[in-house]
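Undergrad: The structure is given below, and queries will be raised subsequently.
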Amino acid sequence: MESVRVDRWLVAVRVYKTRSDATDACAGGKVRVNDRPVKPASVLRVGDQVVARVGDRERVLEVVRLIEKRVGAALAAECFVD
């Protein structure tokens, strides 16, 4: 897999609880990839930097591995560097 949708990856690595939450965050300007605001269908690749605002907290993540399906917390933690 070379790329994945931003909203799917954010749900898969448990940044947001549901895909609709991730989609709303992207559409609302709360998610940036490589310092650019993104749409939910924007493409994410290994090495990208994702900045996501979750509640009142901002998370800065570097993509290490691409996944599309939600996995356990231990596996999700291996997909990014926080």
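Undergrad: At 1.4 Å probe size, with every protein chain present, just tell me what the per residue accessible area of the chain comes to in Å².
TA: Per-residue value: 60 Å².
Undergrad: Sticking with this one: Dipole magnitude of the chain about its Cα centre, charges +1 at Lys/Arg Cβ and -1 at Asp/Glu Cβ only, in debye to the nearest 20?
TA: For the chain, the charge dipole is close to 220 debye.
Undergrad: Counting only the backbone N, which residues of region 10-38 are under 19 Å from the spot 7 Å out from the Cα of R57 toward its beta-carbon?
TA: 10-19, 21-23, 25-26, 30-32
Undergrad: Now for a separate question. Which whole-number percentage describes the relative contact order of the chain, with Cα contacts under 8 Å and a sequence gap of 6 or more?
TA: It rounds to 33 percent for the chain.
Undergrad: Now a separate question. At a Cα cut-off below 16 Å, give the aspartates and glutamates reachable from K17, other chains included and same-chain residues fewer than 8 away excluded.
TA: D7, D56, E58, E68
Undergrad: Now for a different question. Would you please give the residues with an amide H less than 5 Å from that of V4, counting only those at least 5 places away or on a separate chain, with H modeled from the backbone geometry?
TA: Counting only residues 5 or more places away or on other chains, the set is L44.
Undergrad: Please list, in order along region 40-48, the HN-Hα scalar couplings obtained from phi with the Karplus expression 6.51 cos²θ - 1.76 cosθ + 1.60 (θ = phi - 60°), rounded to whole Hz, x for Gly and Pro.
TA: Karplus-based 3J(HN,Hα) across region 40-48 equals x, 8, 4, 8, 10, 10, 4, x, 5 Hz.
Undergrad: Ok, one more. Run the accessible area of the chain with a 1.4 Å probe and give the carbon-and-sulfur part as a rounded percent. The partial results should precede the final answer.
TA: On the way: 2300 of 4880 Å².
C and S atoms contribute 47 percent here.
Undergrad: Also, I was wondering about something else. By its C-alpha gyration tensor, with a ≥ b ≥ c as the square roots of the eigenvalues, how is the chain shaped: rounded for a/c under 1.5, else prolate for a/b larger than b/c, else oblate?
TA: rounded
Undergrad: Work out from phi, with θ = phi - 60° and the Karplus expression 6.51 cos²θ - 1.76 cosθ + 1.60, the ³J(HN,Hα) of each residue of region 58-71, listed in order in whole Hz, and give x for Gly and Pro.
TA: Using θ = phi - 60°, the values come out as 10, 10, 10, 10, 9, 6, 10, 9, 9, 9, 10, 9, 5, 10 Hz.
The values are calculated or read from the model by the stated rules, or taken from the named source; none is laboratory data. Values in this document were obtained by computation on a predicted structure and should not be read as measured data. Ideal geometry is used to build each Cβ from the backbone, glycine not excepted, and the neighbour counts take in all protein chains shown. For accessibility, only protein heavy atoms count, side chains too; no ligands or nucleic acids. Shrake-Rupley method; radii C 1.70, N 1.55, O 1.52, S 1.80 Å.
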